[in-house]
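Below: one structure, written as structure tokens.
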Amino acid sequence: MKKNIKICPLCGNREIKFFRKGNIKLENLSPNDIKITDSQYGKFWDLFACKNCNYIFSSALASANIIHSLYKEIKDPEYDEEAENRSLNFIRILSFIEKLKPEKGKLFDVGAATGILLNLAKKRGWKIDGIEPSKWAVNYALNKYGLRIKEGIFEEAELSENYYDVVTMIDLIEHIPDPVTGVKKAYKILKKNGILCIVTPDVRSFMAKFFGKRWWHFRPAHLSYFSRKSLTYLLKNSGFEIVKERKYVWTFSLYYLLSRFKIFTPLLKSHRISSLWKRIPLKLALGDSIEVYALKK
Ligand SMILES: [Zn+2]
């Protein structure tokens with residue numbers, strides 16, 4: 001498979017170097033390995049880097065069918081346990097979007113998961129729409145929030161063009177096999193002057209360099225990794241103009257943080273302690289994710 005990597009999926013450059021030796025095999029992958037709350041840190045693909053645009057990508061990008069079929073099967077009840085803290089992240093994003101689009105309008109969330117962001121946006125007066133491959137998550141959003149999220153793959157879905165005021169891709173493009181098609185599709189469905197918001201880990205951040213292969217974003221679910229340079233390249237090349245770029249601040253509970261590490265598992269078994277820790281929000285300015293807002297010209 002390594003021999004097939006001859007061209008950068010982002011910019012088409014042919015100077016590709018080996019970035020990091022991974023430890024995952026596609027044939028062993030299960031839906032549990034790529035669910036949002038997986039804690040399989042330190043497991044990642046063989047990674048390659050483009051010398052021109054800085055994009056870092058895995059050979060898994062070439063196996064879109066397998067990846068998509070795994071996403072359809074994902075069940076992740078743990079994800080919604082963090083709904084309150086995830087809401088704090090999404091409210092910050094929606095508040096910023098509303099500075100750019102105070103009139104609100106139609107918002108489309110790609111990879112809507114259990115509908116936390118869409119539910120918040122709806123309450124704030126947006127007309128909402130979204131898509132999500134996991135059948136479980138789509139049903140969950142319907143049962144919990146009464147939301148009708150489309151079940152499917154964004155890149156392949158039939159959607160109205162020049163229709164939405166805002167498209168959100170929060171922690172999404174590092175998961176999908178074809179980010180170029182994904183961002184171009186967002187461009188198509190947005191109206192002129194529409195806004196695309198992307199949040200994704202920054203592989204060139206201080207944290208990523210400091211922790212090396214132990215960086216928490218090196219996970220089976222992440223098929224490729226962006227930096228400011230490669231994300232800027234992707235957006236500009238798809239017709240967008242970047243209007244704002246900032247570092248993403250994460251909020252999650254103390255429980256969630258500890259549950260990422262196997263060493264704390266025995267400690268978290270007590271229901272009384274766990275439920276307390278789930279209520280303690282942590283706000284971490286790790287600076288290792290990029291949050292970018294781009295305008296369709
Ligand atoms: Zn490239």
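Bear in mind that the values in this text are calculations on the coordinates, not laboratory data. None of these values were measured; they are calculated from a predicted model. Reconstructed Cβ throughout: ideal geometry from the backbone, glycine too, with neighbour counts over all protein chains shown.
Quick check for region 194-252: number of Lys pairs with alpha-carbon distance under 20 Å, counting only pairs 8 or more apart or on different chains?
6
Do any chymotrypsin sites (Phe, Trp or Tyr not before Pro) in region 92-154 lie in a loop, going by DSSP, with at most 10 other beta-carbon atoms within 10 Å of their beta carbon, and if so which?
Nothing satisfies the criteria.
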For K72, give me every one of the lysines with a C-alpha distance below 21 angstrom, ignoring sequence neighbours fewer than eight places off in its own chain.
K25, K35, K135, K144, K150, K185
Report the Cα centroid-to-centroid distance between region 113-151 and region 51-97 in angstrom, as an integer.
15 Å
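What is region 84-180 by shape, rounded, prolate or oblate, if you read a ≥ b ≥ c off the alpha carbon gyration tensor as root eigenvalues and call it rounded for a/c under 1.5, prolate for a/b larger than b/c, and oblate otherwise?
rounded
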Provide the packing ranking of 98-107, 45-54, i.e. peptides ordered by the mean count of other C-beta atoms within 10 Å per residue, highest first.
45-54, 98-107
By how many nm would the segment from E98 to N13 grow when fully extended, if each residue of separation counts as 0.36 nm and the alpha-carbon distance is taken off?
26.9 nm
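Determine the shape class of region 1-106: with a ≥ b ≥ c the square roots of the Cα gyration tensor eigenvalues, call it rounded for a/c under 1.5, and otherwise prolate if a/b is greater than b/c, oblate otherwise. Don't skip to the answer; put the middle values down first.
On the way: a/c = 2.45, a/b = 1.41, b/c = 1.74.
Oblate is the answer for region 1-106, as a/c is 1.5 or above yet b/c matches or exceeds a/b.
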Taking the Cα centre of region 55-124 as origin, sum charge times position over the Cβ atoms of Lys and Arg (+1) and Asp and Glu (-1), and report the length of that vector in debye to the nearest 20.
500 debye
